[in-house]
Amino acid sequence: PVCHQGNRNKHVSLFFLSKMAKKEEKPSKEAKAASASKSAKAKKKKWSKGKVRDKLNNAVLMDTQTYDKLVKEVPSYKLITPAIVSDRLRVRGSLARRAIQELVNKGLIKPVYKHSAVSIYTRATAE
């Protein structure tokens, strides 16, 4: 029985030594912080830049070709707004508003709804 107890003490002492060795293997707080920051950087979400629209290069002044197109085509549109004229004739919005006003003065188109925010016109029908 004495022999058996001696082996048991050796076993217990080996157990404590292995525990001590494991405690020494644990990384320091600085090492933990460094590894945490590395993993955070690796998993950081990459945001997209979003859709990039092409820059409009609309005319500031109306040339004769554009003016002829205005007088010929715009009065045939069923719905006429400054945005539609600007888009189809490739002119600035301010120029489109002036062009529409000129067509109204000539009697080629007639206003449907006029407001400071939006103005809607339609073709002048023969009544």
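The values are calculated or read from the model by the stated rules, or taken from the named source; none is laboratory data. All figures in this text were calculated on a predicted structure; none of them were measured in a lab. A quick note on method: Cβ atoms are made from the backbone with ideal geometry, for glycine too, and the neighbour counts reach across all protein chains shown. Heads up: the accessible areas ignore ligands, DNA and RNA and are worked out on the full protein's heavy atoms, side chains in. Shrake-Rupley method; radii C 1.70, N 1.55, O 1.52, S 1.80 Å.
Does Val112 count as of a type in the set (A, V, I, L, M) and assigned to a strand (DSSP E or B)?
On the way: of a type in the set (A, V, I, L, M): yes; assigned to a strand (DSSP E or B): yes.
When the stated conditions are applied, Val112 passes them.
Residues being within 28 Å of Lys55 (Cβ to Cβ) and either open to solvent by 50 Å² or more (accessible area, probe 1.4 Å) or not hydrophobic (A, V, I, L, M, F, W, C) (or both): count how many of those fall in the range 75-101.
Pass one, the range 75-101, residues within 28 Å of Lys55 (Cβ to Cβ): 77, 79-101.
Narrowing further to those that are either open to solvent by 50 Å² or more (accessible area, probe 1.4 Å) or not hydrophobic (A, V, I, L, M, F, W, C) (or both): 77, 79, 81-83, 86-88, 90, 92-94, 97-98, 101.
Of the residues in that region, 15 qualify.
Among the candidates Val91, Val12, Val60, Val74, the residue that is modelled with pLDDT under 90 and among the hydrophobic types (A, V, I, L, M, F, W, C) is uniquely Val12.
Looking at the range 43-74 only, could you name the residues that are of a type in the set (Val, Ile, Thr), more than 34 Å from the chain's Cα centre (by Cα) and loosely packed, with under 11 Cβ neighbours inside 10 Å? Give the steps one after another, and end with the answer.
Restricting attention to the range 43-74, the residues satisfying the condition of being of a type in the set (Val, Ile, Thr) are 52, 60, 64, 66, 71, 74.
Still in the list and also more than 34 Å from the chain's Cα centre (by Cα): 64, 71.
Passing the criteria: only Thr64.
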